[in-house]
Structure formats: structure tokens, C-alpha cells
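Structure, as C-alpha cells:
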Amino acid sequence: ATSSPAVMATSVASAAAQAIGAVKGPVSAWVLCAPSAQAAVRMMRIPFKGRAKVAAVVPGELEPYLAIPIDELIVDHAIVREAEGKTDVLAVAARESALAEQVNVLREAGIQVEAITLDVAALTSLWRAQRKSVAPMEAVLHVRERGAFFVIATPKAIAWFRAIPMTLAQARTNPAALAVQIRNSIRAFQTGWEGEAALEQLTVTGVGLG
């Protein structure tokens, strides 16, 4: 039988409460890492500089590429670089109701969410924190049980990312198909990137493929 949304929410809240009980030491902040697969993402070049000015135009620039009305979404962006009077940004949009539902479930578990990010951003931050330095542009493959993410990262920001629809089991049994996905991801990034796109290395994180 299929569980109702209310039953599923209660189950998730119960699991979250158990996870909280296992946390040792003080907690600085609770951050919701929302599923990147549920977000729309697009690289954009804004023809001017200035953080406030760029932030003001990103939603309007992103709107033509969205399948959902923008007033139903939360839109955010990261500045990837500024050059020649222009600003390259990575814009993301997620359905507000879905984020609110996740926040409410965690609130039932006693968690007061202070910030929201994407799971791919959190994984990339962990990867970056463990490195002494990051090249001007690197590729990172985050492998998880139910899927993977291919990321193009700079020392300070994610320039681009893409979900790879392969489970860990599929990647292990068909590494050639995974290689094709990686190659296609690199090509897709280079097609949309207007600057130099010399990738110096590829790092794999997460669950081992061996």
C-alpha cells in the first residue's frame, strides 16, 4: 500500500528526530540541503557588474527558461566571475511549496532551519574544505547510492552542475556508460561557457566505485 503524504511526513520527522538525538556536541546552525534534482539551473552572463544590480535582474533573465511560473519559485544565484564589465552567474530556482514542506517536516522534529542550500552545493563545499587549494577550474563527480552529480567548480563557486541519472550499481556495472555521461557533461558545460574552460582534473567523491 502507498503511504499518504501525511504519514510519510510523520515518518520523515521521526527519522529526523532520531538523527538529532545522535548528534554529539553543539550545533552552529541547521541547514536544509534540498535535492538538486528538483531545481532548475542555468548559466547566464549578465552584461554589467555590481552585486545588487545583478541580483535584481537574475529572476527576469531566468524566467523565459522556466516551465513553472516564477512566482511559485524561489530564485537564487551565485556569482562565478566578473570580467570585461560583465558577470557570469549560476542561477537556480526551486519550487517554494516543496521547500516549505521540507522545512515544516524538520520543524516537527524540533529543527529550526536557518538556511537552505542544495545538496550538490553542500557536497562541493565539503570537497573544497578538504583541499589545500583548488585550481581555477576543476571537475568533481559526487557519487551517491541513488545518483550522481557532475560539478564544474572554481575556488569560490560552482560554475555549473548536472545530475547524472545513474545509480551507484549502474555506475559500477557499466563504467563505460558513466564515462559517456561525464564526457557529455563536459561538452554541455563548454557549449554554454563563454570564457576559457580548461579543466585541470576530475575528482570523484562519495561512495566508491570499486
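The residue of the stretch 102-135 that is surrounded by the most Cβ atoms within 10 Å (Cβ to Cβ), among those that are of a type in the set (Asp, Glu) and either part of a helix (DSSP H, G or I) or without any contact (Cβ under 8 Å) to a residue 24 or more places away in the chain (or both), is 119. The residue list 41, 57 contains one member that is over 22 Å from residue 147 (Cβ atoms) and surrounded by 11 or more Cβ atoms within 10 Å (Cβ to Cβ), which is 57. Out of the residues in the stretch 16-38 that are part of a helix (DSSP H, G or I) and either at pLDDT 85 or above or open to solvent by 60 Å² or more (accessible area, probe 1.4 Å) (or both), which is farthest from residue 107 (Cα to Cα)? That would be 37. Here residue 166 passes the criteria (1) touching a residue at least 24 places away in the same chain (Cβ under 8 Å); (2) on the phi < 0 side of the Ramachandran plot except the one numbered (1). Scan the stretch 148-205 residue by residue and report those that are open to solvent by less than 40 Å² (accessible area, probe 1.4 Å), closer than 17 Å to residue 127 by Cβ and not aliphatic (A, V, I, L, M). Listed by number, the residues that qualify are 149, 150, 154, 160, 161, 185, 203, 205.
The residues of the stretch 75-101 that are farther than 14 Å from residue 41 by Cβ, open to solvent by less than 60 Å² (accessible area, probe 1.4 Å) and either of a type in the set (A, V, I, L, M) or in a helix (DSSP H, G or I) (or both), listed by number, are 79, 83, 98, 99, 100.
The values are calculated or read from the model by the stated rules, or taken from the named source; none is laboratory data. What you see is a predicted model; the values in this text were computed from it and never measured. Cβ atoms come from the backbone with ideal geometry, glycine included; neighbour counts cover every protein chain shown. The accessibility values were calculated without ligands, DNA or RNA, using every heavy atom of the protein model including side chains. Shrake-Rupley method; radii C 1.70, N 1.55, O 1.52, S 1.80 Å.
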